[in-house]
Structures are given as C-alpha cells and as structure tokens.
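Below is one structure, written out as structure tokens; the observations come after it.
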Amino acid sequence: MLKLHGDLQNIRQLTSAVAAIPFGTGPVGGADDTIQRIDTMLTAIRPLLDAAADSPTVATVAGQAEALLRNVTHENPVVSTIVGALATVGKAAIDNNAVSQILMGLGGPVGLIGGLLFSGIELFADQHQFEAWKKAVLAQPFDVDALSISPDDPTLPEAAAALSPLVSIIGTAPDRIRELYRISLVAPGEMPRTADALAHDSATANTQLFQAFGSDERVLTDAINEYRTTIVSLIAASALPPQLPADPTSATPTLASSDLVRAVGTVRQEPGAAGALDQLVSVVEAIAKNTRGTDLAPLLSGAIAVAQHVLRDEPAGGQP
C-alpha cells in the first residue's frame with residue numbers, strides 16, 4: 001500500500017507539472033480531473049498506511065488504487081505527449097529513409113525521445129547548459145550579435161550546410177557555401193530584400209548562387225531560414241557536454257550530444273515533427289521546474305514504456 005501511495009503521488013506530480021502548460025488553445029485537457037481523482041484516492045489510502053488497518057479494507061482500497069494508477073498513468077499528459085512525439089517521429093522514420101538511418105544510432109524513435117527527456121531534465125540544474133540545450137533542439141531566433149557568429153569561421157559554414165536539406169540544392173562547392181553563409185549573417189529583417197537583391201546583383205558569385213536555387217527568391221529565403229536555424233543549433237550544441245543521459249533502462253543509456261542534436265535537426269524537417277518535439281521540450285521544462293527533489297528516472301522510464309504500450313494498442317493506422 002505504501003508503494004501505491006508513493007506511485008500515485010509521483011504520477012500526481014508529473015500531471016501537475018504540465019497541467020498549466022498551454023498546448024494549442026489551452027492547458028492540458030483532463031489534468032485537473034486526473035489530479036482530483038488521485039487526491040481522492042490518496043485521502044482514502046492514508047488512514048490505511050497504519051499496520052493495524054483492517055485487512056479486507058486494505059485489500060479493497062489497494063485494488064481500487066491499482067486500477068486508478070493504471071488509468072491515470074495512461075491518461076497522464078506526460079505520457080500522452082510522449083505518445084504524440086513517438087508517433088510523429090516513428091512516422092517520419094517510415095516515410096524518410098534518411099531519418100530512419102540517423103535514428104538507428106540512437107536506438108530508434110524511443111532513443112531520441114528518451115534522450116530529449118533525460119538530457120533536458122539533467123541539464124536543467126545548470127541554466128547555462130539548459131538554455132544551450134533548448135537552442136540546440138528548438139528553432140531559436142537568429143541573432144548574429146547574441147550568438148557571436150564569426151563571418152570567418154573555418155568550419156561552421158560547411159557543417160551547417162551538411163545538416164540543412166534545402167541547402168543541398170546548391171551542392172557542396174565551398175565557395176558557394178561560403179557565399180550563402182555570408183548572406184545569411186545579415187539581420188533577419190533584411191533577408192527578403194537580400195534575396196531579392198541577389199536576383200539583380202551583378203556580382204558573379206551572387207548571380208550564380210541565386211541561379212543555383214532555381215532563381216527562386218522563395219526557395220532561397222526558405223533555405224536561409226533553415227540554414228540559420230542549423231547554425232544556431234550547432235553553436236548551442238558546442239556548449240553541451242559531449243555525452244548526454246538517455247533512458248537508463250534502454251539499450252542506449254547515454255548519447256553523444258552531437259548525435260542527438262543532429263538527429264533532432266533532421267527529424268524537425270518532417271511534417272508535424274517540429275511541433276511534437278517543441279511540445280516535448282515544454283513538458284521537460286515544466287517537469288524540471290515542478291518536481292525538484294523527485295527521483296524522475298523511474299517515472300520517465302515508466303512513462304516511455306506506457307507510451308509504447310499505448311501506441312501498440314491503437315488501431316491500425318493510428319500509430320507510426
């Protein structure tokens with residue numbers, strides 16, 4: 001009974017942590033009802049924690065508590081967020097072989113989701129590293145000055161280009177990549193004008209670059225946006241520890257930070273993936289803020305396991 005009491009308290013903490021986070025148009029649906037049901041059960045359990053409690057009553061309440069624990073674990077918004085992320089990433093892996101290949105080294109979609117959950121929770125204690133982690137896995141605003149980006153960086157232009165699918169249109173010629181890098185470092189508000197200017201620029205390099213994007217200003221603009229996002233991620237990733245924790249119960253309990261960031265950047269390009277991953281990051285931050293002092297590892301490992309079960313139980317066509 002004591003273990004059931006503790007498990008319900010832990011699930012309540014997880015539910016409460018994300019209850020006020022707005023997903024879409026409002027807070028997580030059903031969280032308040034879940035918390036109320038758990039509180040009612042905790043009130044019923046507390047008098048029975050005494051060793052002298054009536055055995056038949058203990059058995060009855062224990063059975064009710066076990067049933068409630070199963071239900072609220074499946075309904076928990078943490079689990080539902082993990083379910084959504086797993087489904088989206090899993091579908092991306094099926095639809096795109098490049099995504100599938102990059103996820104293989106992380107243990108598949110489960111490895112990526114576990115890596116985000118556990119690394120975010122651990123790094124939260126160091127706000128500098130946590131902010132770097134968020135910049136590495138989210139599409140952050142591009143600010144040349146704040147990021148201290150050098151126009152003469154010897155490796156960043158090519159490294160960012162290699163992780164930007166839209167940039168692959170222009171190939172890997174260093175001069176062309178360097179020109180795109182130079183153009184990308186202008187203030188974000190100037191980007192459309194810069195793209196337009198390329199179409200009328202008399203400089204050979206600029207003319208060739210514009211033509212390499214099919215002389216399409218919109219394509220160039222989208223490529224610059226994607227390229228800038230990748231630059232932000234790479235700079236942020238350089239501030240992270242070389243190895244990050246993942247689900248300790250999985251085949252990949254640690255992940256190279258560079259592999260995690262690269263995989264997230266690739267997956268984010270797939271339909272629906274950016275929103276699902278952003279929601280997961282919001283959940284991570286909420287949990288970290290609201291469950292200080294709690295041993296989260298077993299809770300999160302359990303949440304991932306439940307999410308996998310939920311997906312397996314869904315009708316065909318409703319899962320990745």
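The values are calculated or read from the model by the stated rules, or taken from the named source; none is laboratory data. Computed from a predicted structure; not experimentally measured. Please note: Cβ atoms are built from the backbone with ideal geometry, for glycine as well, and neighbour counts cover all protein chains shown. All accessible areas refer to the heavy atoms of the entire protein, side chains included, with ligands and DNA or RNA removed. Shrake-Rupley method; radii C 1.70, N 1.55, O 1.52, S 1.80 Å.
Values computed for the structure shown
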| quantity | calculated |
| --- | --- |
| Rounded percent of accessible protein surface that carbon and sulfur make up, segment 59-142, 1.4 Å probe | 55 |
| Length gained when the stretch THR40-THR254 is fully extended (0.36 nm per residue, less Cα-Cα span) | 73.2 nm |
| Gain on full stretching of the segment that runs from ASP152 to HIS74 - 0.36 nm per residue minus C-alpha separation | 22.9 nm |
| Cα Rg, Dmax (largest Cα-Cα span) when computed across segment 56-163, Å | 20.8, 76 |
| Around GLN36: net Lys/Arg minus Asp/Glu count, Cβ-Cβ under 13 Å | -2 |
| Cross-link partners of LYS3 among lysines (Cα-Cα below 25 Å; sequence separation of 8 or more within a chain) | LYS289 |
| Residue-normalised accessible area of segment 216-317, expressed per residue, 1.4 Å probe, Å² | 43 |
| Simple label model, 7 Å out from Cα along Cβ direction - ALA59 to VAL219, nm | 7.4 |
